[in-house]
Amino acid sequence: MPRLVVVTGGPGSGKSTLVGHLRALGHATQPEAGRAIIQDQVAISGRALPWADPGLFAELMLAWDLRSYRAAAGGDAVFDRGIVDTAGYLRMLGLPVPPHLHNAATTFRYHRRVFAAPPWPEIYQHDAERRQSLGEAKRTYDAIVAAYADYGYEVVTLPRAPVAERAAFLIAAAGLAPIR
C-alpha cells in the first residue's frame, strides 16, 4: 500500500525545506498549495488571498490538495501540507469547515502518521507570501495539529534539527524506503 506522508505545521517551521530535501534524495513529493496560490493570485490581481478572501483561498487550497492527492496515487509521496491543513486553517480563523471539506478530509486519507514541524523562532522569516507574525504561526500550528488529531491521525513532532536529521527521522518513522 502506498505511503502518502504529510509534513505539516505552522508557517516558517522548515516544512518546505524538508520536503525539498526529500525530493533531492529522490522521494516523490507534492508541493504546498498556499504559497503557489498566493503567488498566482498576486500575479493576476486575484482575490483568493488569505488577507482578502480566506474562504476562497481555502477553496483553492482544497482543489490543489485534491489534485496533488490524485497525482500521487499509486506510489509513496511526501506532501508539503494536506487536505486537513485547510480545515485547521479555517478553524484557526474561527470560520466553519464546510461539509465538502470535511468529506474530503475523511475520504482522502494519508499515512496514519502525520509529521508536524513545530514553531521554530530561530528560523522563522517573513517574505512576500508569509505575512503572519510568529504568534499567528504558533496559532496556526496548534489549530492544524488539533485538526489532524481530530481526523484520527497520529501527529508526530519533527525534531528541531538540521534538515538531513529531520529527513532521516521522517523516513524511519514513516517507513519510507531509503533512496540512494
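Every number here is computed from the coordinates shown, using simple stated rules; none is lab data. The structure presented is a predicted model; accordingly, all values stated were derived computationally and were not measured. Counting neighbours? That spans all protein chains shown, and the Cβs are built from the backbone with ideal geometry, glycine included.
Numbers at a glance
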| quantity | calculated |
| --- | --- |
| FRET efficiency, 1/(1 + (r/R0)^6) with R0 22 Å, evaluated for Arg109 and Ala177 via beta carbons | 0.60 |
| C-alpha long axis of helix 83-92 to longest principal axis of the chain, angle in ° | 50 degrees |
| Long-range HN-HN contacts of Val6 with modeled amide H, under 5 Å | Phe79, His111, Phe115 |
| Estimated 222 nm signal from helices in the chain, with DSSP H stretches of n ≥ 4 weighted -39500 (n - 2.57), rounded to 500 | -15500 deg cm²/dmol |
| Dipole of segment 4-174, positive end: most advanced residue of Pro31, Trp64, Val5 [Cβ charges, Cα centre] | Val5 |
| Helix 134-150 axis, angle to the chain major axis (alpha carbon atoms, nearest 10°) | 70 degrees |
| Angle between the chain longest axis and helix 15-24 axis [Cα atoms, degrees, rounded to 10] | 40 degrees |
| Listed residues Ala72, Ala161, Ala28, most fluctuating in the chain (Gaussian network, C-alpha, under 10 Å) | Ala161 |
| Karplus-derived 3J(HN,Hα), 6.51/-1.76/1.60, for each residue of segment 53-61, Hz, glycine and proline x | 8, x, x, 5, 4, 4, 4, 5, 5 |
